[in-house]
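The values are calculated or read from the model by the stated rules, or taken from the named source; none is laboratory data. Note that the structure is predicted; figures quoted are calculated from it, not measured. Methodologically, a virtual Cβ is constructed for each residue, glycine included, from the backbone with ideal geometry; neighbour enumeration extends over all protein chains shown.
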Amino acid sequence: MRGLCDYKGQELIDGVLEVVERVKPLHLSIVGGDPLVRYRELELMVPLLLDRGSHVQIVTSAFRPIPPSWASLSHFNVVVSIDGLQAEHDLRRTPATYDRILKNIAGHQITIHCTVTGQMMKRSGYLKQFLEFWTPRPETRKVWFSLFTPQMGDRMPEILQPSERQRATADMLKLREGFPKLDMPKGMINQFATPPSGPGDCVFALTTQTLSADLKTRVTPCQFGGNPDCGSCGCIASMGLAAVAAHRLGGIIPVGTIFRASVKIGHARSKQTSPLRPTKETLRVLP
């Protein structure tokens, strides 16, 4: 992605607004890098995006203060990425340390998101300890967990072994009963046991567009880019939409059946517009 243009100032604001007016997304997530690198532009841009009818979500490490004006916004969510307990997080995320995050989220209601790794699941009770720290805090509105998603062929300590994935799922199912701020329904958590077989089977991949910094190049097949190991997918968004697709209307017709028919119609209509340039280059995203 090094050859792509990175906009700033009014050019960035105008570019993002043009995309939103053209695509008309119901939900817009702005991720990085870290979007707060462009905090001046975001402070101006976010209200304009909300005026256009999109639900807006900013995913950040909270390395700098969250703008005070965002605390009162509706249809808006700030997600702060936390890489485990303080010792592990501070080592990985400096300068966005626990101490700095706690200072920078003061006065806000935010979502805490943690990507669970193989290292975490080698320690008994890790997820419970994480929730015990974050859920009592008044700034924490809710907590989400994802599981680390590798690329095909990766050999990394972050990758969960099948037994660790199973235990993480079991832990989440149990913990949601004692920690109401763990905002993950049972149906969503159960989807971790049967991730999509590929992008064509992933509701999230089929319903989203991920654009790179130049606001033109598409990152495919989903936000992870490259060649993700879908059989090891742990994306909370993917699991959430998979749970919706599995729901049966009237106990008979899966929502996914209706959705796939809609996708076919949408793809046919999209061919009438100019396609964005796709890229298979890997984009590491830890939302």
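Details
- For ARG141, the conditions (1) over 19 Å from the mean Cα position of the chain (by Cα); (2) closer than 26 Å to GLN223 by Cβ are fulfilled apart from (1).
- Summed over region 160-184, the residues that are polar (S, T, N, Q), over 21 Å from the mean Cα position of the chain (by Cα) and part of a helix (DSSP H, G or I) give a count of 2.
- Taking residues in region 31-48 that are over 24 Å from THR94 (Cβ atoms), and partners anywhere that are in a helix (DSSP H, G or I) and of a type in the set (Lys, Arg), the pairs with Cβ atoms closer than 9 Å and at least 6 places apart or on different chains are MET45/ARG38.
- Inspection of region 75-83 identifies no residue that is touching a helix residue (DSSP H, G or I) at 6+ places or on another chain (Cβ under 7 Å), more than 24 Å from LEU17 (Cα to Cα), at pLDDT 95 or above and among the hydroxyl-bearing types (Ser, Thr, Tyr).
- Breaking point among (1) in contact with a Lys or Arg (Cβ under 7 Å, 6 or more places away or on another chain); (2) under 21 Å from THR111 (Cα atoms), for LYS216: (2)
- So SER72, is it among the polar types (S, T, N, Q), in contact with a helix residue (DSSP H, G or I) (Cβ under 8 Å, 6 or more places away or on another chain) and either at pLDDT 95 or above or more than 18 Å from LEU211 (Cβ to Cβ) (or both): no
- Among residues of region 237-284 being among the charged types (D, E, K, R) and at pLDDT 65 or above, the one that is surrounded by the fewest Cβ atoms within 10 Å (Cβ to Cβ) is LYS271.
Okay, residues lined up against (1) surrounded by fewer than 20 Cβ atoms within 10 Å (Cβ to Cβ); (2) at positive phi:
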{"site": "ARG64", "(1), (2)": "yes, no"}
{"site": "HIS75", "(1), (2)": "yes, yes"}
{"site": "THR94", "(1), (2)": "yes, no"}
{"site": "GLY125", "(1), (2)": "yes, yes"}
{"site": "THR140", "(1), (2)": "yes, no"}
{"site": "ARG165", "(1), (2)": "no, no"}
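- Put simply, of ALA168, ALA213 the only residue that is at pLDDT below 95 and small (Gly, Ala, Ser) is ALA213.
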